[in-house]
Amino acid sequence: RKGTPSSRAAAGLATHGRPGHTARVAPAGPPEREPFPMTRTQRIEKSAPHLFFWRKNRGTRAVDGPKFTQDAPAESNDSLSKPDAIEQQKAAVNELGPDWTKEVVKQSAQLARLAIEESPSEPSVHVPLRVLPAALLAPSRLARAPPPSTSPTSLPAPAPPAVSASLLQALQRWDFDVHAVVAAELPALCFALLTANGRAAALHLDECRLWRYITDIAAHYHDRPFHNFRHAVDVTHATSCLLTLAEAHSAADAALSPLQTFAQLLAAMVHDTDHPGVMNPFLIATRHPLALLYNDTSVLESHHAATAMALLSHPENDFLAQMEPADARTLRSLVIDLVLATDVTSTMPFVKSLSARLNSGESASAADLQHLIIKASDISNPTRPLETYQVWIKGVMSEFFAQGDAERALGLPISMNCDSHTVDVAKCQVGFISFLVEPLFICLAKVLPGVDAMCLETLRSNKAHFKGD
């Protein structure tokens, strides 16, 4: 047998196998090329390699076009070019037709993982890792949860730690400070909020799987200065308080059913799942794969909803298994709608439209109330006591400034309130309250009169503080 090229060369054979000829020796390396100015893509790759998906990562290698396998040999130092990676990603996703199989999904997910996973050596600004692979691997069509008759014992799970009576009492107050709770206790706190007043039992939810789902969601929040699981619990707490107010004050047209109430709390908990710590315009400006996937529209909100639903599709997390299928579909649809409503760019158009309808004598619907509650809860920090509010300010400005620093390094326009060299934090908060938070809570107070005393008085006091009045 002829053997390998190296063995033929060692035996004195030329590469075409003729005896008596010495194999040519390859040059030591490629000839040096004339230097060219870096393109914008190259500058971005050099300045922030963790933001882009042509970087190598954690043993997942590309072989045979869009096919990926964990057992492929190591790559050379040359990474996929951006255009090739985009085309391969499109090719893999296009394979997800009506007859897709588990293996195709696995390969596509591995490709998406390579496309999104950030470099651990670049900690300043991160992009999401898990969601797109999780969404592609969602097993809802591949496996179903065990039937209700076996569900209590088939997937045993530890019960959530008990929440003290004093903490449960404190949760009923709007001025509750979630920073007073240690991180390890936050999932149990969230479980208590979701299951209070027998909500889970009334809807026939599997509480073991619900607890497992909560802990899985918590694990998919990252250790960001602001967009972390503590923020999710804070928004869930605000939602719970506003729902209690709604039960006492809302008109009959806006009364929420038990299913809507639970969906409201669930959406609050998952609304920022796997948040990267940067805003939508940054992902769009850098042509991040998530922006391409969601067509530059509500990129993060779509990502959060997709992640939450993908995790819910896992049989061990499927706490809806005992519900009627129609009710489960309705709950899922409500949660997706409410998470998408947290896109802050939709807030003022919604407030102006609803205010005009209310001023004309029209009553708010249940859907109006649900959107008001999720939007208000998400940006409720300025309505909390000043000491609590200031902790949140420190976190969110840290994320803003990290994004601004990355934009400066990439040569991009620096987003509003993100320039650490010029932003006045106090003026930033006055603008945030005046142009967004206050109009939203005034609109909410028209539907829920108790909001004025519970939220607006503190909001105006905090605004006066930052104005220096």
Please state which of the following conditions HIS421 fails to meet, knowing it meets all the rest: (1) open to solvent by 60 Å² or more (accessible area, probe 1.4 Å); (2) in a helix (DSSP H, G or I); (3) of a type outside the set (Asp, Glu).
-> (2)
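Go through segment 310-333 and give me each residue that's within 20 Å of the chain's Cα centre (by Cα) and under 16 Å from ARG212 (Cβ atoms). If you could, list the steps in order and put the result at the bottom.
In the first step, residues of segment 310-333 are kept if they are within 20 Å of the chain's Cα centre (by Cα); the result is 310-314, 317-318, 331-333.
Within segment 310-333, ALA310, LEU311, LEU312, SER313, HIS314, ASN317, ASP318 meet the criteria.
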Apart from one, (1) touching an Asp or Glu at 6+ places or on another chain (Cβ under 8 Å); (2) part of a helix (DSSP H, G or I); (3) open to solvent by 70 Å² or more (accessible area, probe 1.4 Å) all hold for GLU457; the odd one out is (1)
Hits in segment 252-285 - residues which are under 29 Å from HIS204 (Cβ atoms) and open to solvent by 10 Å² or more (accessible area, probe 1.4 Å) = ALA252, ASP253, ALA255, LEU256, SER257, PRO258, LEU259, GLN260, THR261, ASP272
Looking at this structure, is PRO225 modelled with pLDDT of 95 or more and open to solvent by 60 Å² or more (accessible area, probe 1.4 Å)?
-> yes
Pairs under 7 Å by beta carbon, first residue without any contact (Cβ under 8 Å) to a residue 12 or more places away in the chain in segment 426-449, partner surrounded by fewer than 22 Cβ atoms within 10 Å (Cβ to Cβ), six or more apart or different chains?
-> ALA445/ASP452; ALA445/LEU456
Report whether or not ALA367 is surrounded by fewer than 19 Cβ atoms within 10 Å (Cβ to Cβ) and either in contact (Cβ under 8 Å) with a residue 60 or more places away in the chain or of a type in the set (A, V, I, L, M) (or both).
-> yes
With the condition kept exactly as written, say whether any residue in segment 409-418 is touching a residue at least 60 places away in the same chain (Cβ under 8 Å), over 30 Å from ALA356 (Cβ atoms) and in a helix (DSSP H, G or I).
-> yes
For segment 371-414, the count of residues that are among the polar types (S, T, N, Q), in contact with a helix residue (DSSP H, G or I) (Cβ under 6 Å, 6 or more places away or on another chain) and open to solvent by 10 Å² or more (accessible area, probe 1.4 Å) equals 1
Would you check if there is a residue in segment 313-323 being buried (at least 16 other Cβ atoms within 10 Å of the Cβ) and among the small types (Gly, Ala, Ser)?
-> yes
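Condition test on PHE400, is it in a helix (DSSP H, G or I) and under 21 Å from GLY277 (Cα atoms)?
Working: in a helix (DSSP H, G or I): yes; under 21 Å from GLY277 (Cα atoms): yes.
It is true that PHE400 is in a helix (DSSP H, G or I) and under 21 Å from GLY277 (Cα atoms).
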Of all residues making up segment 276-319, the number that are farther than 28 Å from ASN417 by Cα, assigned to a helix (DSSP H, G or I) and of a type in the set (A, V, I, L, M, F, W, C) | 6
Cβ pairs under 9 Å, 6+ apart, first in segment 298-316 and at positive phi, second open to solvent by 30 Å² or more (accessible area, probe 1.4 Å) and part of a helix (DSSP H, G or I) = SER298/LEU340; SER298/THR345; SER298/SER346
Subset of segment 166-221 [closer than 21 Å to THR383 by Cα, of a type outside the set (A, V, I, L, M) and surrounded by fewer than 19 Cβ atoms within 10 Å (Cβ to Cβ)] | GLN169, GLN172, ARG173, ASP175, ASP177, HIS179
Could you tell me which residue of segment 334-360 is farthest from the chain's Cα centre (by Cα), considering only residues that are surrounded by fewer than 19 Cβ atoms within 10 Å (Cβ to Cβ) and closer than 16 Å to PHE441 by Cβ?
-> LEU358
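The values are calculated or read from the model by the stated rules, or taken from the named source; none is laboratory data. Predicted model only: the values in this text are computed from it and were never measured. A quick note on method: Cβ atoms are made from the backbone with ideal geometry, for glycine too, and the neighbour counts reach across all protein chains shown. The accessibility values were calculated without ligands, DNA or RNA, using every heavy atom of the protein model including side chains. Shrake-Rupley method; radii C 1.70, N 1.55, O 1.52, S 1.80 Å.
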